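This report concerns only the one structure given below.
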Amino acid sequence: MRTSTLASYLSTVDHGNLIYNRYSAIDLKNLAELGPLWSVGVFYAKVTSLPAGYDWSPVTAVGFRWHECWVPVLRQPQINDIWIFNATQDALSTLDRKLTNKDAPGVLELVRPRISAGDSWFMPYFEADRVGIVRCPEVDFAGAGAFGRIERLEFSEVSRVRNLAHFSDQGELNLLVLDNIEIPDPETFWDIQAQRIVVRGYGKNLRWLYKIWPDRPDDWADRVRLGERLAADLDPEGSSGDLFEGYCGPVVEGDFSAQEADIEATAVAREEITEQRFWHIIGRARESCDGDAEGLAEALREELRQSTQQEIVAFDRLFALKTHALYSWELWGVAYLLLGGCGDDEFTDVRTWVVAQGRDFYHSCLADPTLLGNGQLKDSAVVMDAEEIRYIPEEIFMEMTGTSIEEQYRDQPSASMAGQAPAGMPWDEYIGGLEARFPHIRALEGL
């Protein structure tokens with residue numbers, strides 16, 4: 001990639017901050033020609049090599065899709081703000097050190113980690129002020145080994161977490177935050193060794209807490225705090241008190257780059273976008289490409305670059321709400337049969353793909369989920385490629401402002417519905433199973 005092209009991804013707010021939010025590959029061989037950088041965020045991009053001899057010493061924050069080429073970067077002692085997509089055990093084994101330093105808190109964000117139940121997770125000398133585990137169906141700490149200290153461990157868009165009590169015995173854990181998380185082994189919940197446990201959310205994923213609540217220890221309120229909805233049901237007298245009192249610390253909420261809090265970001269007011277304008281943007285993007293996911297993604301980028309910051313935020317919000325409306329057992333069942341299986345993340349991609357097909361197809365699938373199998377979906381690969389589309393508003397907003405939509409708007413909805421029950425009748429109540437419920441749906445060719 002030419003230096004001028006690479007330079008176009010420098011933040012408009014701080015030219016020491018490289019932000020590349022695309023899924024396509026990026027060549028960083030000319031990285032040194034950009035001058036000193038304090039932050040290198042290539043997030044979802046495919047990077048398989050780094051420039052030899054590059055001086056990483058000014059860099060304190062990195063974000064990348066995991067590849068072994070990043071091992072030397074993770075060993076840099078001054079880098080204390082780390083965001084990794086698809087991290088494996090090899091990535092965490094490299095981080096056998098203290099992320100926190102005298103200048104800034106240590107933060108590690110793991111997005112869709114690929115770590116199995118038998119893996120050891122963190123290392124004996126690992127310490128961080130905040131660890132976030134994001135967007136994966138299940139986390140299992142069965143094989144977790146010793147670690148040093150984690151001030152705050154938080155799960156977001158994660159359906160289930162297993163063996164937390166075992167994990168907490170392996171090191172010092174001060175604050176544990178569970179947002180709408182199912183605990184399949186609830187009998188061990190009261191054994192979790194954390195100074196404070198915050199449980200938030202509602203719905204079927206929290207049934208485990210109601211189940212064990214009658215057997216709670218007398219001193220439960222010394223350590224456990226409940227979100228508003230749970231507190232109304234389980235603790236109407238308010239025994240558990242404030243969620244984070246005494247535990248806010250330097251890093252309470254955040255994602256890649258806690259230091260960005262020091263950057264003067266351009267605040268924008270939230271405005272709505274009309275249905276007509278929303279579908280017009282998608283329609284124009286579809287008309288200007290060949291119909292493949294990569295072409296549609298690039299066309300949508302160009303459409304949103306011509307929009308205002310307010311419109312981008314509103315477009316992102318409406319896109320998420322459209323995917324929420326498609327969150328039904330019926331549509332999921334049809335997708336499962338078409339794709340030969342369909343997990344939480346894949347179903348999010350399916351719903352993203354449906355919205356990206358435009359107004360008519362979206363409303364058809366909303367009214368009759370079996371129309372997902374009408375032939376328009378021909379290849380399972382296009383569903384996986386649709387994931388990129390979901391993040392384009394965030395990408396363009398960051399290009400314009402140097403900060404993320406999530407940072408500006410904490411209540412912005414996500415396309416993921418992990419932990420929430422789909423609408424309609426669950427599959428296990430279908431007489432004869434999915435095939436009998438949808439007899440005309442067949443797996444896509446090649447599966």
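The values are calculated or read from the model by the stated rules, or taken from the named source; none is laboratory data. Everything quoted here is computed from the prediction, not taken from an experiment. All Cβ positions, even for glycine, are placed from backbone atoms using ideal geometry, and neighbour counts span all protein chains on display. Keep in mind that these areas ignore ligands, DNA and RNA; they rest on the heavy atoms of the full protein, side chains included. Shrake-Rupley method; radii C 1.70, N 1.55, O 1.52, S 1.80 Å.
Hey, can you tell me all the residues within segment 173-201 that are assigned to a loop (DSSP other than H, G, I, E, B) and open to solvent by less than 40 Å² (accessible area, probe 1.4 Å)? Can you show your working first?
Going residue by residue through segment 173-201, those that are assigned to a loop (DSSP other than H, G, I, E, B) are 180-181, 183-185, 192-195, 201.
Within segment 173-201, ASN180, ILE181, ILE183, ASP185, ILE192, ALA194, GLY201 qualify.
Considering GLU388, GLU399, the condition of being surrounded by fewer than 21 Cβ atoms within 10 Å (Cβ to Cβ) and of a type outside the set (A, V, I, L, M, F, W, C) is satisfied by GLU399 alone.
Which one is nearest to ALA285 (Cα to Cα) among residues in segment 360-382 that are part of a loop (DSSP other than H, G, I, E, B) and open to solvent by 50 Å² or more (accessible area, probe 1.4 Å)?
Within segment 360-382, the subset part of a loop (DSSP other than H, G, I, E, B) is 368, 374-379.
Filter once more, so that each one left must be open to solvent by 50 Å² or more (accessible area, probe 1.4 Å): 368, 374, 376, 378-379.
Values: ASP368: 25, ASN374: 23, GLN376: 18, LYS378: 20, ASP379: 21 Å.
The residue in question is GLN376.
Taken over segment 78-111, the residue count meeting the criterion of being acidic (Asp, Glu), closer than 14 Å to PHE122 by Cα and surrounded by fewer than 22 Cβ atoms within 10 Å (Cβ to Cβ) is 2.
When restricted to residues that are of a type in the set (A, V, I, L, M) and modelled with pLDDT under 90, segment 201-220 contains 1. Tell me which of these ALA144 doesn't satisfy, since it passes every other one: (1) free of Cβ contacts under 8 Å to residues at least 24 places away in the same chain; (2) buried (at least 19 other Cβ atoms within 10 Å of the Cβ); (3) not charged (D, E, K, R). Every condition holds for ALA144 apart from (1).
For segment 119-138, which residues satisfy the criterion of being small (Gly, Ala, Ser) and either touching a strand residue (DSSP E or B) at 6+ places or on another chain (Cβ under 7 Å) or buried (at least 23 other Cβ atoms within 10 Å of the Cβ) (or both)?
Pass one, segment 119-138, residues small (Gly, Ala, Ser): 120, 128, 132.
The answer is ALA128, GLY132.
For segment 425-438, a tally of residues being more than 20 Å from GLU182 (Cβ to Cβ) and modelled with pLDDT of 70 or more returns 9.
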